[in-house]
Structure formats: C-alpha cells, structure tokens
Amino acid sequence: MIKSLILTGFGINCETEMGAAYKNAGAEVTIIHFNEILNGTYNLHDFDILNFPGGFSFGDDIASGKVMSNKVKYKKMQSGKTFIEEIDKFIKDGKYILGICNGFQILVQLGLLPNLKNDYEPEVALVANNSNKYEDRWVYCKVNSKVKTPFLKNIDLLPVPVRHGEGKLVIKDDTTRKQILDNNLIALQYSDKQGNITDEYPKNPNGAEFSIAGLTDPTGQILGLMPHPEAFLSFYNHPNWAKLKQEGKEIKRENTGQAIFDNIIKHIER
Amino acid sequence: MNSIQTHIKPEYKDTKGISIQNKCKEQLQIETGEIKTSKLYTVDYEITDDNLIKFAENCLKNKITDEVLINKVYENIKYNSLIAVAQLPGVTDDIGVSAQMALADFLNREIDINVQHIFTQDIFYIENKLSENELMLIAKSFLGNPLINHIQVITKENKKLNFTPYVPKVEMQVDETVELINLDISDDELIKLSENKILALSLEEMKAIRNYFKDEKVIAERKKVGLSEKLTDIELEVFAQTWSEHCKHKEFNAEIIYEDKETGEKKIINSLFKTYIKGSTDIIQKHLKNNDNHWLIKVFDDNAGTVRATKNKLFVWKVETHNSPSALDPYGGAITGILGVNRDIMGTGIGGAELLFNTNVLCFGPPNYDKKLLKGQLHPRRIMEGVVNGIEDGGNKSGIPTVNGSVVFDDRFAGKPLVFCGTGGIMPDNYLGRNAWEKPIDINDRIIMAGGRVGKDGIHGATFSSTEINEKSPQSAVQIGSPITQKKLSDFMIVAAKKGLIKSSTDNGAGGLSSSVGELAEITNGAVVNLEKVPLKYSGLKPWEIFVSESQERMTIVVEPQNIDVFFELAENMELEVTDIGYFTNSGYLDIRFKGKIIHYIDLDFLHNGVPQKKMQAELKSLQLSEPENIKIEDYEDVLLKLLSSQNISSRENIIRKYDHEVKGKSIIKPLMGEKGTSPQDAGVMRLAHDSFEVIAVSNGIMPKFGDIDAYEMSAGAFDEAVRQIIAVGGTLPNTKKNDDTFWTVNDNFSVPDSLYHPENNPDGKEKLAKLVQMCEALYDMSTFYDIPMTSGKDSMKNDFKAEGVKISVPPTIVYSMVSKIKDIRNTITSDFKAEGDLIYQIGKTYDELGASEFYKLYGELGANVPKVRKEEAKDTYLKMMQANEQNLIASAHDISDGGMLIALAECIIGTKFGAKVMTNNLGNLSINAKLFAESHSRFIVSIKPKNKEKFENIFKEKAQYLGKVTNKNKLEIFENEVVIIESDLANMENAWNVEL
C-alpha cells in the first residue's frame, strides 16, 4: 500500500480532508504532529508522499508559512539533522511532496518550489492578495498541458475553492520568470469557466503573476497550489451541485479535486 | 535591546497601505497620500550581532519582497507623518511570540515562550503632513484600540519624524498580600464596598455573605484552618464571580410578580428558566421517550447540550452572547466570543469533542449611522468591521468553517452590539468504554490547568473602566484571543481524550479558575488548589487575581493520578503547557491555598446555593397602535429595488467571503450557492463525516423588529423562522415516528435591556420584564408543540449603553439557533431556481400582516398587524413539505422572511441565469401590498418540474398557491389581474442587492 504522510500541528487545519482524499484514493494515511518527526517517532523515509496541508501554521505571523519553514530549515531533529536535509534525500529518492495553500506557502518559503537552482533558496513569494483580504470563493484552474507532474495527469480544468489572504504569487526577477516559463513549472492557472487564463478579479482571486495558482519543481515530484482540491472530494461540495443534479449532470470523480490524489497514488503504484 | 525592521521594497505593492489609504479617503475624508506599512521587532534577548543579522535575514524578512534594517529605523523624506501601534503591556503579542519561537528554532536553543523577549510594533509612514488629531482618528478608526494598543502619532518637525520604538514590558512589583475584609459594617457601606470593588453584588447578597461569616459553626471551622472570622479578598471575589448574573442567572431564576394591566390577571413566576426553558425540555423529553426516541442525552447541566447524532457519535451544540466585550473592543470581543464558545464544546462531558462548525448572529447599528457619538461609544461601522474580523480570525485560524450566520441592523444596536457566537462539535459516545457525555470525578483526581498562562486580562470582565488602566500596568478590560494557542489545546484534548487520559474537563471562561474549579468541585464536594503553582504571564498578580483572571485559551482538566505521567508526556510532545494545581476532595469546602497557607475556605453548598432569590416585577401594558393609511405605490419596481438594497435584506457577500465556510470539506449547503455562487441560502448544511451521507442543518431565527408590536409573536416568529429554514433545506420535524434518530437541538439566547424596575434609573423596567416573560411563554408554547427542545442557551440581561445622560437600549431580542439531522445528503434542497419552465408556488398562506415589515419601514411606519405564528397550520405545511421532498418533488425551496414574498422570489433568481413570470391572483383576497410584502410566517417559495405538478398539488391542495413559471428571460415579471406591475431586469436587482456593507 502506498504510504502517505500528512503533517499537522501548530495551526495547520486541513489534515482531515486531506487524509480523507488519500484514503479514498487507496493510500495508507498517517496524520502526525510535526514534532513526531522532529523527535524521531516517525521516519520520513518510511513514506512515499509527504504532505503539507492548508491552515494557519503559527497564525500566518511574520509571513504565511514563514515560521514553519524556519522550523524545517533550522530546527535540529533528534538525529541531529534538520528536516530539510531529510526532505532533500526524500526527493532524491524519487518520492513526492504536495503542499496546499499554507502548505504551498511553506514550500515556497523553503525554496522547494520552484527550486530552479536546486539550492533551496526562495525564488517566488506568496504575498497579500490585491484585495488585501481573506476570501473564500470558488474559481476555475486550468492545468498547464505541458506540465510534467504526475499529480495533474489527465486533468484539464478544475473548479475548486480558494480560501486565503496571502496567495498572490510574485516572482523574484525576469530570469526566474523566464526559467519558470521555459521549464513549464507553472502547474495551474486561474481561468474562466471555459479554461481561458485570466487575471481579471475575482476569477484570479489574488492578482498572481501569470495568474499562477500552482507550481511544480523541475523534477515534477513536488506540487504546490493555493486552491483546495481536498475540499472538493464529493460532487456535493460543489456550489452548484443542486442545479447540476436536477439537470442530471453530476460531476464525476475524475473531474473533482479527488483526481489529484487518485493520480499520484496510481502513478506510484505503477 | 536590538531592533529589526522589515518593510516592503518599493517595487512591490503595499496592499495593506493602499487599503488604509482608501479607507481614510472613503470613511474619514482624509487624504493621506501614499501609506507605507512596516513591522518593527524589538529583541530583548542575548544574541550575537552575527546571529541577529542572520535571524533577521532568514527568519523575519520575506526574501523576495522585503528589506530589513537592523538597529535602525526606516527614514524617507517622502513621508511626513507616522503612526506606530504596539500592544499595551500584558496584551498578547502573537506575532512577537511566533518570532520568539522562530528564534528558538533558529538558534536551536530552548527559550521559554512564556517570557516575552520579542515585542512587535506596526509602523505606518504617511505621505501627507497630517495633524495629530487626524492621525489619532485614523489610528483609532482602523489601526488600533487605545484599550489594548499603545498608539504613537508623529508629525514631521524640523524635517524629521522623531520616532522611537515602544517596548511594552510589564514592570510590576510582586504583591502576594491577602487583604482581610470586615463585613460588619452598615448597609450603605456594604453597597459602597460592592461598588468600589466592582463586585456587582446587591445589598441582599452582601448581607447573605455577612450572615454566613457570623455563623458560629463557620467561625469554628475557619479557626481550625487558621482563618479569622473576617473574610479574605479572594473569598469576596469568588462570591462575586460565583454569584454573578453571568454564572448564576439570577434574573432568569428570580421570582417575578407578573401583572397583565389590561385583564388585571396576576401571577407569580418562580424562575423563568425552570418554568419555561427547562420546563419545556422536561416535557419534550417525556414526549420523546413515550415515542421510543432517545436522542436527547444531556441538557443544561454542562457547558453545552448533547444529543445522539449516530450510533456512536454525539453532537454537542452551544451558542453564547459576547455583547459587552464586543462594545469595548469589537475585534477582541468577537474573537474571544468564538474561541470561548469553542471551549464550551471542548469541555462538555469528558471533553475532547472535534469542532465541526461555527455560526454567528450579529446585530449592529447601521454602518451609515450619523448621530453624534457619545463618550466611549464606537461608531457602528467600526464595531461591525472589528466584530467581523474577530469572527473571521476566530474561525479561519482555528480551521472551523463558519457555515451560517445573520446580520441585523437597527439604530438601537448603536450603543451595544449583539454578538451571538455558536459552535457545534462531534464527540465519540464513549472513550474506552466511558460515556463521553458524563463528567465523573473522584476524590484525589488531579486538577490540571492546560493552555495559556494567567495574566491580569479580563479581571472583573468588562466592568473595569478604561480610566483605571495605568500605562505601565497590564490592561484588564478586555482579553485578546489567540486562535493558534487554542488550536494546540484543542488538538491535544482530542488525542488525550481518545487515549483515556482525560477523566473530565471544563473550560475557563467567565470567572476563570474560580468558576471552573468551583463548579467541578461540586461533583466530589470539595477541592484543594495551590495557587502559587498556576503559571503566570508575568509576576505581580495577587492571589485573588490569579484565581478569577479570565485569561483566554485555558481548560481545566481532571486527570487520574495514575495517568499523570503519560498525560504530561503527551502535552510536552504537543508543546502544550499543563500544570498540576491541586486535587479534588470530599471535604465540603473549596479550599484555596497560596504557598501552603489556606486563603479561601468556603462551604461549597453555600457558595453555590446560598445566593438569595431575586424578586422582580413585570407589568404587561397594551400598546395603542394602528395600521397606516393605505400606502399608494406608483412604481412597484422602485419599491422592489429599494427593498433589495435595504440594510436588513441586502447581500452579505462581502462578510460571508471573509469566513472560511469550506474547511474540513464537509460543507454542502453554503451561505451562497448556485450557478454564479451568489444565490443566498437558508440553513447551512454539513455532512457529519466524509464517508457518510448523513448531514446536519444549522439555522438561526431572529426578528427583534416584531417585538415593537408584540414580544410574544416576535419570539414565536423567530422560533418559526429557524424551523422553516431547516424545513426549506430538506429537514424533517422530530418525534413524528418511533425510533427516529432525527434529532433537533436548540440554543436560546436572550439579549434584553435592563429589565429590573427602578423608579429613576429604569422607570419602564416592569414593561421590559413583561416582554421577557412573553418571549419565554412563546418559547415554551412553540418548543413543546413541535417537541423541539432547548438544550442550552444564555441570557444577557443588561444591554444598555449609558453616557452623557443618554441611554441606548437594545430592543428585546431572542435568537433561536437550531441544528437538526437530515438522514441523506441527497434529500437536501437549495433555494435557487433550477430550470426554465419549472412551476413556482407559494406554500403557506399570506395574511394581512404588514406590521413591522421592511415595506412599512421604507415609509417610516410601524403598523399594528404583526405576523402571527399559527403553529397548527405551520406544522401541517411542514409535514407536507417533508412528504413532497421524500418523493423528490421539490427543485428549489426558499423561506419567506424579511421583505415578504416578492423579495423571496427575487432571491430565488439572484445568482441564476433565469427569471420568473408570476401572477398574484391565487394569493387570496388581500391588498397587493400584503400579497407582495407581508411577512406572514411559515411560508416558502417552491419550484418544481412540470411533470411533478399533479403529485405535488395532490399533497398540498390549497396550501400550494400557483404563482407562475421560471423563465429564461433574466427578469422578474409580476402580474396583478393580468396587468404587469413589475418588470425588473435581473441585473438591476443584483446591482441593488449587492450593496457593499
């Protein structure tokens, strides 16, 4: 069975639905407090996928994801190593990492995304939305057809909720911009219902550059995204389910957020 | 001390600065020019220069967007004014705490987070040169509250902004003295003592305490433990807490002499609570048991009511008011309201319930309020924004979806807002074989305080006035909640309870340890607490202050001695501070010690049952009201659009979107749904688990406006509104068959003005109390009729704002917050129209009831014909709705409420791509105004597929009044006797409705 590790604690709060998503996909799910990694109760390398769920780690204080990423980078574990060193090995072993919302913010602060230079130095940032407020609304995300991450295989367009105040992706400089584009590291972009990418508010809810909703790294093993596919595991989560049901147009599993989790499990099983 | 300042590089947008700039312009008409925001961290910790720089660069600065300055403050000639906002001493500085944790991780060093080493300050650089008055106005309006914040405003002088960072270190002398108090004094002096110490105890209550201390047996017992016959300061404070209105509900338990002035009928009510609230639930429990329905598990005698949700899960539900704190500090009041009610759920029964959702009902003065503000009165807009932000952070940062809510505006809420916060949770029905809803405690079980530390926050709750706050002493008027601290606490309790490490628990809210330990001690009949063991935020608290402090994010947990070690180990792993502060006994006494010396020794029976019963008077007087002359309408579309944009009807979208209503992935019917995600819904619906089709519906009923005509009908109407919202989404009434697990659980929350008669201060107190009695009578009549039980609730009795000789009293208000189970997600219904050609009906009858309607309000009229609840008729309607829904005949259902039938129709179209063509001929022999705008209860707008017409009409008969069809024309067309009276484009309606609050 594929083993999926979900980290929680310190204000992370989307671990349950993420667990449900992996369980539906047929994985064995372990949800643990991050300290159980630090104190050696669990070993990262016993797992196939590492997940950073959404939430408010450390209340988004200082900057979203900042304090948690700091822990990953600097805090010495029982073993004397830092967790980022373990993550480095985990990636080199060909394993997978998913970060959603606050998890994406953590991955970006850690320099794990997009990680063009393989040096874990931040190259993009997720900052306050142009609206300067937290918003919960459903958007459409278009999957970049050239992106090579297995998480998004066969997904073209995904309706999905965003729930954040700091999700505007900004890029360090033009060189980084070019490399992100050239390497097809843009995974998901905000779009209209037809899949046309747009920077018009509120379809693009935060004003992100290139309407970026999610990024992957050059290996495709890491995916980070602001929207919450784990909040769309059932047709009945969709805001228009009642009308679609009357019309006999129930949304199929492969067109819900569940598809991302199904994909990665299928990919690893193969 | 070192300082680190971060600020955004000029090439990146300072969105926060832009937002403040816009608000200054729009709301204060102040042109600020550009505003630059910045954060300053003062580091009061030994650190090398090298590490300081690395810490700043790596841990505080956003590497892409920020610049950082070390031991320098930012300067730029462009800016001519400055505002700096810090916390006052002792106020939680969450960002400082997080920065300190980051420092500990960075240095790989243990740094006690309970000693504050990093202090933060927000600095706003403002382009234009503004006066100190203007700067202070901006600061108080948007940036801080002088009750909790230290605010500096600086205008450029001699080409320089003279700013020096402020560090709110608490500097206090240690004072462990216990004062002895002599109660053998005159009545006048007793009253004065109560007032001076802000005890809020009446003369009768002070006398009862005095008599207790004169009892020879008491004197003898006290001598044995080394106490004199004088009482100690902590004893007096504990009496004040335990006997407070908040804890003992003295007015709801008072003896009321009630007189109906019209009929001359007199009666004596011995406790509103026992007679009507508990009285109704007792009867309902019998009705349920007689019908083999066993879901009502625990009511009233715990922090929250408990019902059985599934075979092995319980549902725990509580709604509370947090009005006074929200009037003083809207953000802090609301967030502690939400986090406080969360803890009620966490501490019900054994404890450790998972928090499933939040709900809230908010009553404010109008945001465009233009009367002169009284001293200490905050502008309603300010209160609204602060409260909404508090609810946002309280829910979002805890990962609890806010699934349902309501906002009501009325001038009379401009003094004191009403803030009702609710939380539902799910608890296993047993932990390792122990019934989770029970609260067992045995002698020698340990008393553990868990979570945050104790400071001076909230001593005497909100009664402390701001003038008593000294600059260097921690402020105590309000508390600030820390959702992240509480999330850690809640995560811990869920794990610890499942492992069987928690035997019982309760929360520390009003009265702090004095009430949590005081109440738990009743179970074994005694407890010993060693106050010096209680961890403090800073030294300098007197023993009594430690015991009654209302510092937030704390639970009191009962742990069996043999589990202590495992319990402490788990807490350490989850980074939660837990402290063993005492144990339970059966001595009969609440025995409180400080450094070994007994300083509080009161008989628990007297402490809990010794308060004398209050006596109150109520007089019901009838009002002389009349209906206005027939209001002639020239243009009905104009009325429609005016109503859609009116304060109590318009869209709440900009509030709703600030609340996370999706987290946990269980939300099914959210506040806004449909094609465009903007159609307003009735009750919120959530699934109980990811792997089950069982859901619950959550609703709130509130309609204070009807109380201006008839308080009984107001209360009955609010009850009906909450019920019909649940019926609208596909709910079913309880106890309609045997062995049915469709539970209903209700919280009643009263918020009324001072109803204690006083010839000078409150001359109309008797009439106000009569209204409260009527509200309770309606509660009893409605709940026993439907077998829908109250399971918990709260009463907030003094909702008046007094200043400058003016009193602003809230209208008597009751909120019924209901949750009910719906067996199958697939049976739930939303309110928006679904397809062109669907048939539209009004279900339920309209009466000539325009009294207190939104329509009359447009014309400044009140009227006399208040909507009446006809419960037999209503029940028949609801049973038919259930029957129709069981056969899947209903495509959409929306309850008719504020604004009447026309507004309900418009709401069914908003957010869709449809329109409706409707005729009013079938609505009976009524004026067109009544047909369109009367707010008669127990009605719905329902749409069905044409093929279901026959089956549908057979069920409802004359109860279904055909209105017309859903069209694809994007407009609402209304015909009266075949003449078009309204033809309104959907875009116009949506524009009118989408008012930015």
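Numbers for the structure displayed
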item	result
Given (1) over 23 Å from B:Ser505 (Cβ atoms); (2) over 24 Å from the mean Cα position of the chain (by Cα), number of the condition B:Glu438 does not satisfy	(1)
A:Lys71 crowded, with 22+ Cβ neighbours inside 10 Å, within 8 Å of another protein chain (Cβ to nearest Cβ) and under 18 Å from the mean Cα position of the chain (by Cα)	no
Flag if A:Ile171 is within 14 Å of chain B (Cβ to nearest Cβ), touching a residue at least 24 places away in the same chain (Cβ under 8 Å) and either buried (at least 17 other Cβ atoms within 10 Å of the Cβ) or more than 16 Å from A:Ile97 (Cα to Cα) (or both)	yes
Where B:Ile808 falls short, out of the listed (1) surrounded by fewer than 23 Cβ atoms within 10 Å (Cβ to Cβ); (2) modelled with pLDDT of 95 or more; (3) assigned to a strand (DSSP E or B)	(2)
Tally, over the stretch B:571-594, of residues that are part of a loop (DSSP other than H, G, I, E, B) and either β-branched (Val, Ile, Thr) or within 23 Å of B:Asp233 (Cα to Cα) (or both)	3
Lone qualifier among B:Gly915, B:Gly900 - being within 13 Å of B:Gln842 (Cα to Cα), touching a helix residue (DSSP H, G or I) at 6+ places or on another chain (Cβ under 7 Å) and surrounded by 23 or more Cβ atoms within 10 Å (Cβ to Cβ)	B:Gly900
Single residue of the stretch B:19-42 satisfying the filter (out of contact with any Asp or Glu (no Cβ under 7 Å at 6 or more places or on another chain) and surrounded by fewer than 16 Cβ atoms within 10 Å (Cβ to Cβ)) that is nearest to B:Glu57 (Cα to Cα)	B:Asn22
Hey, B:Lys632 in contact with a Phe, Trp or Tyr (Cβ under 6 Å, 6 or more places away or on another chain), farther than 30 Å from B:Val238 by Cα, in a loop (DSSP other than H, G, I, E, B) and not hydrophobic (A, V, I, L, M, F, W, C) or not	no
Tabulated pairs, the stretch B:46-67, first away from chain A (no Cβ under 11 Å), second in a helix (DSSP H, G or I), C-beta under 8 angstrom, 6+ apart or interchain	B:Ile47/B:Phe55; B:Ile47/B:Leu103; B:Ile47/B:Leu107; B:Asn51/B:Phe106; B:Asn51/B:Leu107
Scan of the stretch A:1-33 for residues that are touching a residue at least 12 places away in the same chain (Cβ under 8 Å), surrounded by fewer than 21 Cβ atoms within 10 Å (Cβ to Cβ) and within 11 Å of chain B (Cβ to nearest Cβ), ordered by number	A:Asn24, A:Ile31, A:Ile32
Selection count where residues are in a loop (DSSP other than H, G, I, E, B) and surrounded by 11 or more Cβ atoms within 10 Å (Cβ to Cβ), scope the stretch B:178-198	8
Residues being more than 9 Å from every other protein chain (Cβ to nearest Cβ), in contact with a Gly (Cβ under 8 Å, 6 or more places away or on another chain) and outside any strand (DSSP E or B) - total across the stretch A:221-256	4
Of all residues making up the stretch B:845-879, the number that are touching a strand residue (DSSP E or B) at 6+ places or on another chain (Cβ under 9 Å) and more than 19 Å from B:Ile974 (Cα to Cα)	1
Count of residues meeting criterion [assigned to a helix (DSSP H, G or I) and aliphatic (A, V, I, L, M)] in the stretch B:294-353	9
Verdict on B:Ile350 being closer than 22 Å to B:Ser820 by Cα, touching a Pro at 6+ places or on another chain (Cβ under 9 Å) and among the β-branched types (Val, Ile, Thr)	no
Candidate set from the stretch B:739-773 (those that are among the β-branched types (Val, Ile, Thr) and assigned to a strand (DSSP E or B)); member that is farthest from the chain's Cα centre (by Cα)	B:Thr745
Subset of the stretch A:74-104 that is farther than 16 Å from B:Lys397 by Cα and among the aliphatic types (A, V, I, L, M) - its residue that is nearest to the other protein chains (Cβ to nearest Cβ)	A:Met77
Candidates B:Leu201, B:Leu227 - the one that is more than 38 Å from the chain's Cα centre (by Cα), crowded, with 18+ Cβ neighbours inside 10 Å and outside any helix (DSSP H, G or I)	B:Leu227
Qualifying residue in the stretch A:109-124 (condition: assigned to a helix (DSSP H, G or I), closer than 27 Å to A:Lys203 by Cα and at pLDDT 95 or above)	yes
Selection from the stretch B:936-972 of residues that are of a type in the set (S, T, N, Q) and under 30 Å from B:Glu713 (Cβ atoms)	B:Ser936, B:Ser938, B:Ser943, B:Gln961
Subset tally (residues that are under 25 Å from A:Thr175 (Cβ atoms) and basic (Lys, Arg)) for the stretch A:111-141	1
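One line per residue, one yes/no per condition, for (1) touching a residue at least 60 places away in the same chain (Cβ under 8 Å); (2) of a type in the set (Val, Ile, Thr); (3) closer than 19 Å to B:Leu604 by Cα:
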site	(1), (2), (3)
B:Lys503	yes, no, no
B:Thr506	yes, yes, yes
B:Ser514	yes, no, yes
B:Asn525	yes, no, yes
B:Val528	yes, yes, yes
B:Leu531	yes, no, yes
B:Val534	yes, yes, no
B:Tyr538	yes, no, no
B:Leu541	yes, no, no
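Residue-wise test of (1) within 19 Å of B:His894 (Cβ to Cβ); (2) out of contact with any helix residue (DSSP H, G or I) (no Cβ under 8 Å at 6 or more places or on another chain).
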{"site": "B:Ala930", "(1), (2)": "no, yes"}
{"site": "B:Glu935", "(1), (2)": "yes, no"}
{"site": "B:Ile941", "(1), (2)": "yes, no"}
{"site": "B:Ile944", "(1), (2)": "yes, no"}
{"site": "B:Phe956", "(1), (2)": "yes, no"}
{"site": "B:Lys959", "(1), (2)": "yes, no"}
{"site": "B:Tyr962", "(1), (2)": "yes, no"}
{"site": "B:Lys965", "(1), (2)": "yes, yes"}
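Quick grid of which residues meet (1) under 23 Å from B:Glu836 (Cα atoms); (2) of a type outside the set (A, V, I, L, M); (3) within 39 Å of the chain's Cα centre (by Cα):
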| position | (1), (2), (3) |
| --- | --- |
| B:Ala934 | no, no, yes |
| B:Lys947 | yes, yes, no |
| B:Thr967 | yes, yes, no |
| B:Lys971 | yes, yes, yes |
| B:Asn977 | no, yes, no |
| B:Leu997 | no, no, yes |
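The values are calculated or read from the model by the stated rules, or taken from the named source; none is laboratory data. Quick caveat, the model's predicted, so the values are computed rather than measured. Glycine also receives a Cβ, built like all others from the backbone with ideal geometry; neighbour counts cover every protein chain displayed.
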